[in-house]
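Notes for the one structure printed next.
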Amino acid sequence: YTFRVLAVNGFGASAASATSASVTPATTPDRPITGAVSQGAAGGQLTATFNWTPPASNGGSAITSYTVRAYLAGAAAASQTVTVASNSRSRVFTFSSTSPVEFDVVATNAVGDSPPSVRSAVVIPR
């Protein structure tokens, strides 16, 4: 957008000001891109790792955090949710069972939240 201003009173309108510099309003980010999932190491705690790539567009406002969610495979509600720093690209989750899980991630900027990423492939914690 660009802007011009003029004053109006009982005698009429003034000449318009010079055109402002172009600005683009900020919006919410695009959805992050789902990456690989992997099982934890054999013999340790039951873990799985989820990776993602930042969205193609931050909406004109820097990403401030990501919300990463773990779901029992096919479930509508997340079983675990964690907010991580804007420079994060991976998160390890610890589980109490070997039930299959999947993940998604939401990017947040000053305007609000992105749509969630596509859900990850299903992985069994190990």
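The values are calculated or read from the model by the stated rules, or taken from the named source; none is laboratory data. Being a predicted model, the structure only gives us computed values, none of them experimental. All Cβ positions, even for glycine, are placed from backbone atoms using ideal geometry, and neighbour counts span all protein chains on display. To get the accessible areas, we keep the full protein, side chains included, count just its heavy atoms, and leave off ligands, DNA and RNA. Shrake-Rupley method; radii C 1.70, N 1.55, O 1.52, S 1.80 Å.
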Potential lengthening between Ala62 and Ser86 on full extension [0.36 nm per residue; Cα-Cα distance subtracted]: 7.8 nm
Estimated distance in nm for a label pair at Asp30 and Ala73, the labels positioned 7 Å out from Cα along Cα-to-Cβ: 3.0
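If I take all pairs of Cα atoms in the chain, what percentage of them are more than 20 Å from each other?
54
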For peptides 84-96, 7-19, 113-125, sequence by mean Cβ density within 10 Å, most packed first: 113-125, 84-96, 7-19
Semi-axis lengths, Å, region 1-70, gyration tensor of Cα atoms, sqrt of 5 times eigenvalues: 54, 10, 7
Cut-off under 5 Å, modelled amide H: who pairs with Gly35 long-range: Asn51, Trp52, Thr53
Surface accessible to a 1.4 Å probe, per residue, for the residues of region 1-100, Å²: 62
